[in-house]
Amino acid sequence: MNHILMALDFSEFSPEVEKVGYSLAKKINASVTLVTIVNKFIDYVPLDTGQVFENQWEARKDIASKSLQEVKERHPDVSTEIVTFIGDPKEDIIELSIQKHATFLVMGTHGRTGMLHLVTGSTAEYIIRHSVVPIIVVPMNMKRH
């Protein structure tokens, strides 16, 4: 049975990743695992307080789980599992793709540059270099320049 691991981060580009991933799933009759990894290396600071809140990663994990459930409900005709946890997206997406025996990994890219890219690195770039599973990368801008 074909299986797609679809990594979503709920950026503004995630709907395109969802569209491509579920389109592929229907074409190859695949089940889907939706995954969001809450990055344990980033402190999330609420804009209104300037303070790092307690249990910040658990709160983000809960939000991610609810968001993935909404994605799943939009595609009732495709068998879909939800996975969320706290970790290192670069390493954990690769490991999960192996554990789930994924046929394909579908993910997006942000196209970040400059200081943000230097600080956070490119998750997509890292995964492309290290994955043993074929990857479909959905570009942030699907329009021709």
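Output the pairs from K27/K72; K26/K90; K61/K90 with a Cα-Cα distance over 19 Å in this structure; if there are none, say none. Table pairs above 19 Å Cα-Cα are K26/K90. Peptides 76-86, 95-105, ordered by how many other C-beta atoms sit within 10 Å of their residues on average, highest first, read 95-105, 76-86.
Any read-out appearing in this document is the output of simple, stated calculations on the displayed coordinates, not a laboratory observation. On a predicted model such as this, the values are computed, not experimentally measured, just so you know. Don't worry about glycine lacking a Cβ; one is built from the backbone with ideal geometry, like all the others, and counts go over all protein chains shown.
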